[in-house]
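Take a look at the structure set out below.
The values are calculated or read from the model by the stated rules, or taken from the named source; none is laboratory data. On a predicted model such as this, the values are computed, not experimentally measured, just so you know. Methodologically, a virtual Cβ is constructed for each residue, glycine included, from the backbone with ideal geometry; neighbour enumeration extends over all protein chains shown.
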Ligand code: GLN
């Protein structure tokens, strides 16, 4: 094993041990009833370096609900389908407000600030859905994630999707509001059905890190060598993850971790060290901004130890 590989391995193992022992674990999301059932004691981490080395520890093989992390994959898919036309419907600025906030939408005439807040991701989902049946669009998204991760076993957790379908009143409000401005093309229930289901994709840290590799490889799928997206787009998706991937906590995440990252209310975070590695962490307890509390701390420790912050040091 190379010296770098053994440094990554010991960092991953020691950070997992430290995180598993910590008492401050944040609060599990309970606005989606099914997510409230998850045990806050879990912690997993997986790092895949650009040479293909896999370093994983803790509950790295436990599937969890990826939730908003899937917005990275739907954005990638939608950009491939419609190109820069996407930016007529969604902005590229940090929102400075909660992931499910509705206030900005009125001021900005139904155009969501960015593709990672709920409103933006619902608009992106609607673009993928246009011209398809909901079932086809969802199948397309799931197959895309399976392809990225080289793993056909990745599934949608139907109980989580149904739970959000029953209780997602705020997302329904966001979608209806955008529909009134013509930002949503399809029937709101169809768009939301696809959105709730792709948020309910379940993956382990190992699978999630695999799925994110193309963003550390300038848009290339490292196993097949195929281009998933153009290099320039991969760079821009990373930029959006850095500025918008943690909602109102994005500034703090950049300050502490220094990597493009995307969180989900299931407690996962996907982080990209461009040209170096892909990292997935999971701990279900969240902080006040809805981002994994220990996940962020673990990433902060890891980037510091390995000198991986994109800002140097
Ligand atoms: N499905 C969740 C929602 O729409 C995703 C939110 C998140 O992970 N931040 O509320």
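The selection criterion, being surrounded by 23 or more Cβ atoms within 10 Å (Cβ to Cβ) and within 13 Å of the chain's Cα centre (by Cα), holds for residue 270. So, residue 292, is that one farther than 22 Å from residue 63 by Cα and surrounded by 24 or more Cβ atoms within 10 Å (Cβ to Cβ) or not? So residue 292 fails the test. Being closer than 20 Å to residue 65 by Cβ, modelled with pLDDT under 95 and within 17 Å of the chain's Cα centre (by Cα) is the requirement here; does residue 298 meet it? Answer is no for this residue. Restricting to the stretch 78-134, and then to whatever is touching a helix residue (DSSP H, G or I) at 6+ places or on another chain (Cβ under 7 Å) and at positive phi, can you tell me which residue is modelled with the lowest pLDDT? If we take residues in the stretch 78-134 being touching a helix residue (DSSP H, G or I) at 6+ places or on another chain (Cβ under 7 Å) and at positive phi, then 96 is modelled with the lowest pLDDT. Can you tell me which residues in the stretch 246-267 are within 15 Å of the ligand (Cβ to nearest atom), surrounded by 24 or more Cβ atoms within 10 Å (Cβ to Cβ) and within 15 Å of residue 300 (Cβ to Cβ)? 246, 250, 253, 261, 263, listed by residue number. For the stretch 293-312, a residue qualifies if it is farther than 16 Å from residue 272 by Cβ and touching a residue at least 40 places away in the same chain (Cβ under 8 Å), and the qualifying residues are 293, 294, 297, 301, 305.
A quick yes/no check of all residues on (1) more than 14 Å from the ligand (Cβ to nearest atom); (2) within 21 Å of the chain's Cα centre (by Cα):
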{"site": "147", "(1), (2)": "yes, yes"}
{"site": "154", "(1), (2)": "yes, yes"}
{"site": "170", "(1), (2)": "no, yes"}
{"site": "183", "(1), (2)": "yes, no"}
{"site": "192", "(1), (2)": "no, yes"}
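Residues being over 24 Å from residue 127 (Cβ atoms) and either out of contact with any helix residue (DSSP H, G or I) (no Cβ under 7 Å at 6 or more places or on another chain) or more than 16 Å from the ligand (Cβ to nearest atom) (or both) are entirely absent from the stretch 231-242. The residues of the stretch 41-70 that are at negative phi and either modelled with pLDDT under 95 or out of contact with any strand residue (DSSP E or B) (no Cβ under 7 Å at 6 or more places or on another chain) (or both), listed by number, are 41, 51, 53, 61. Of all residues in the stretch 225-243, which are more than 14 Å from residue 78 (Cβ to Cβ) and in contact with a strand residue (DSSP E or B) (Cβ under 9 Å, 6 or more places away or on another chain)? Within the stretch 225-243, 226, 227, 231, 234, 238, 241, 242 meet the criteria.
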